[in-house]
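**Student:** To start, I am sharing the structure in question, which I have written as structure tokens.
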Amino acid sequence: MLTQDIKLLLIGQVTDISKIPIRTIRYYESLGLIKSSRRTEGGFRQFSLDVLTRLAFIKRAQNLGLSLEEIGNILQVYDQGQAPCGEIKEKLEDKLSQIDHQLDQLLTLRSEIKALLSGWKNMDGQHEDTICPIIQNTSTAGRN
């Protein structure tokens with residue numbers, strides 16, 4: 001009879017390999033993003049090797065701007081035996097649209113600041129009801 005020795009890692013070993021802090025691993029487990037296989041008699045979490053793949057996926061997805069909730073939804077699809085690539089593509093397309101919108105907003109802000117700086121005049125005196133007339137001047141602030 002063949003027995004399979006399944007290699008289980010303690011949480012400290014998972015941290016050493018993945019470079020993800022223990023606190024974060026526990027948090028991910030509390031959210032259901034990862035699962036410990038079992039606990040030792042002393043109550044220590046033990047994880048199968050596939051947790052490293054999941055952790056790497058979670059970190060990569062976060063770096064791409066996906067929220068933990070979005071990542072959890074993707075992992076649920078995966079855990080049901082389906083390839084979540086369609087969901088990932090959709091989420092990344094949404095993220096790209098958000099980034100494009102943010103870039104447009106930043107470029108508009110950049111133009112406004114540049115216009116303010118190009119017309120900068122040093123105002124020495126205090127003006128009543130203004131903190132800085134250059135910023136508060138509506139005709140200057142509206143220029144692009």
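**Student:** Mind checking whether some residue in region 41-58 is free of Cβ contacts under 8 Å to residues at least 12 places away in the same chain, part of a loop (DSSP other than H, G, I, E, B) and open to solvent by less than 70 Å² (accessible area, probe 1.4 Å)?
**Tutor:** Yes; the residues of region 41-58 include at least one that is free of Cβ contacts under 8 Å to residues at least 12 places away in the same chain, part of a loop (DSSP other than H, G, I, E, B) and open to solvent by less than 70 Å² (accessible area, probe 1.4 Å).
**Student:** Which members of region 25-39 meet the condition of being of a type in the set (S, T, Y) and open to solvent by 40 Å² or more (accessible area, probe 1.4 Å)?
**Tutor:** Passing the criteria: Y27, S30, S37.
**Student:** Could you tell me whether region 84-99 includes any residue that is closer than 25 Å to Y27 by Cα and over 20 Å from the mean Cα position of the chain (by Cα)?
**Tutor:** no
**Student:** Could you tell me whether region 56-67 includes any residue that is in contact with a Pro (Cβ under 6 Å, 6 or more places away or on another chain) and at pLDDT 95 or above?
**Tutor:** Within region 56-67 (the criterion being in contact with a Pro (Cβ under 6 Å, 6 or more places away or on another chain) and at pLDDT 95 or above), the answer is no, since none of the residues qualifies.
**Student:** Considering only region 64-75, state which residues are within 15 Å of E93 (Cα to Cα) and surrounded by fewer than 15 Cβ atoms within 10 Å (Cβ to Cβ).
**Tutor:** Correct list: L64, G65, S67.
The values are calculated or read from the model by the stated rules, or taken from the named source; none is laboratory data. The model shown is predicted, which means the values in this text are computed figures rather than measured ones. Quick reminder, even Gly has a Cβ in these numbers, built from the backbone with ideal geometry, and neighbours come from all protein chains shown. Heavy atoms of the whole protein, side chains included, go into the accessibility calculation; ligands, DNA and RNA do not. Shrake-Rupley method; radii C 1.70, N 1.55, O 1.52, S 1.80 Å.
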